[in-house]
Amino acid sequence: MKKTLRLFANFLIKLFVNFRLLLYRTLNYDKEKLFIYTDSRGFEITKIHNRKNPFSSYIKYLIKNYRCYVFTAPEKHTTIFDFIDVYEKYRRRHNFKHVIAHIGVVDFSPRPISQIENILLLKKNKIVKSFGQDLFYDILNFKGYDQEYQKEKTSAIAPEFLIPKVADVFSNIKNFVWISCNPVDINWRGNYPKDRPANINMVNDKSKALISLLKDVEIIDLTDWDLNLVHKYTCDNIHFNQLGMKFLEQEIIKIVKNEKNN
């Protein structure tokens, strides 16, 4: 019963959010276009009415001031592959002032190796379309890391050898803005109920590796945050609290208004 009620509530929230997005896109029909794609970091996570709701996040300002095409965590595991797939469908029909992607933590995170194959098989067509069949099987056959989590070896949807390929794709997206991952304090849970994997900071290491390879990309680089900033701006090392949302909003506004380096 609780699950049914939760699904119904999520349906109503999605319906209401999509209506508001369409309304603002209509009202802003003569404004510059933005394409915004995020994983679960793109909304406030602690309240059910904020789930997948961009109006609870830094995206709210953009929606109200630009003609925005917004996708907030549309998949159970929202990955770089999903972002590329959706963006490719829209880029042919629209000229975007900026393409903003808050994506990567799902791909870069270590997780029990038994979870990886099912996720990759669900994404197979998208991976093959963007990176080719050989690379898909390279990822599928990746043997993971020595560190264990939940009594299993860990692995990741995006191993280190995929990073240069992602950098090539990102670097060829016109007017692209990428929001990186940040360090994790493994001794602090915040409101997350469990310990993170011991090797969780590979999300930050992979972000740094990606940044070093990107060309002609605007980057909101969070990789050098100290742990005080992680506590200040996130609620659980990964997802942003209201202060963090305000920080991201200000950083994005600088970019879309061409103020970042002025």
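The values are calculated or read from the model by the stated rules, or taken from the named source; none is laboratory data. None of the values given here were measured: they were computed from a predicted structure. Ideal geometry is used to build each Cβ from the backbone, glycine not excepted, and the neighbour counts take in all protein chains shown.
Tabulated results
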read-out	value
Members of the range 90-125 that are over 30 Å from Ile255 (Cα atoms) and either touching a strand residue (DSSP E or B) at 6+ places or on another chain (Cβ under 7 Å) or among the hydrophobic types (A, V, I, L, M, F, W, C) (or both)	Pro110, Arg111, Pro112, Ile113, Ser114, Ile116, Ile119, Leu120, Leu121, Leu122
Scan of the range 193-222 for residues that are buried (at least 17 other Cβ atoms within 10 Å of the Cβ) and over 16 Å from Ala158 (Cβ atoms), ordered by number	Arg196, Val217, Glu218, Ile219, Ile220, Leu222
Counted residues, the range 212-228 - those being out of contact with any helix residue (DSSP H, G or I) (no Cβ under 9 Å at 6 or more places or on another chain) and outside any loop (DSSP other than H, G, I, E, B)	2
Options Ser109, Ser130, Ser114, Ser155; residue that is under 25 Å from His94 (Cβ atoms) and not β-branched (Val, Ile, Thr)	Ser130
Any hit, the range 48-59, residues being within 27 Å of Phe11 (Cβ to Cβ) and assigned to a strand (DSSP E or B)	no
Among the candidates Ile186, Ile157, Ile173, residue that is assigned to a loop (DSSP other than H, G, I, E, B), closer than 27 Å to Lys232 by Cβ, at pLDDT 95 or above and of a type in the set (Val, Ile, Thr)	Ile186
Every residue from the range 220-259 that is acidic (Asp, Glu) and within 17 Å of the chain's Cα centre (by Cα)	Asp221, Asp236, Glu249, Glu251
Residue within the range 238-255 that is within 22 Å of Thr79 (Cβ to Cβ), in contact (Cβ under 8 Å) with a residue 40 or more places away in the chain, of a type in the set (A, V, I, L, M) and surrounded by fewer than 20 Cβ atoms within 10 Å (Cβ to Cβ) present	no
Residue satisfying all of: in the range 103-138; in a loop (DSSP other than H, G, I, E, B) and closer than 20 Å to Ser180 by Cα; farthest from the chain's Cα centre (by Cα) among these	Pro110
Pair list, Cβ < 9 Å and 6+ apart or interchain, from the range 103-122 residues that are surrounded by fewer than 16 Cβ atoms within 10 Å (Cβ to Cβ) and modelled with pLDDT of 95 or more to residues that are in a helix (DSSP H, G or I) and not hydroxyl-bearing (Ser, Thr, Tyr)	Glu117/Leu140; Leu121/Leu140
Criterion violated by Lys246 - all others in (1) closer than 22 Å to Val106 by Cβ; (2) out of contact with any Asp or Glu (no Cβ under 8 Å at 6 or more places or on another chain); (3) in a helix (DSSP H, G or I) satisfied	(1)
Candidate set from the range 67-102 (those that are of a type in the set (Val, Ile, Thr) and assigned to a helix (DSSP H, G or I)); member that is surrounded by the most Cβ atoms within 10 Å (Cβ to Cβ)	Ile80
Top-ranked residue in the range 11-56 [being of a type in the set (S, T, N, Q) and closer than 22 Å to Gln242 by Cβ; ranked as surrounded by the fewest Cβ atoms within 10 Å (Cβ to Cβ)]	Thr46
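Matching residues to (1) of a type in the set (Phe, Trp, Tyr); (2) out of contact with any Lys or Arg (no Cβ under 8 Å at 6 or more places or on another chain); (3) in contact (Cβ under 8 Å) with a residue 24 or more places away in the chain:
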| residue | (1), (2), (3) |
| --- | --- |
| Ala9 | no, yes, yes |
| Asn18 | no, yes, no |
| Leu22 | no, yes, no |
| Leu27 | no, yes, no |
| Arg41 | no, yes, yes |
| Lys52 | no, no, yes |
| Val70 | no, yes, yes |
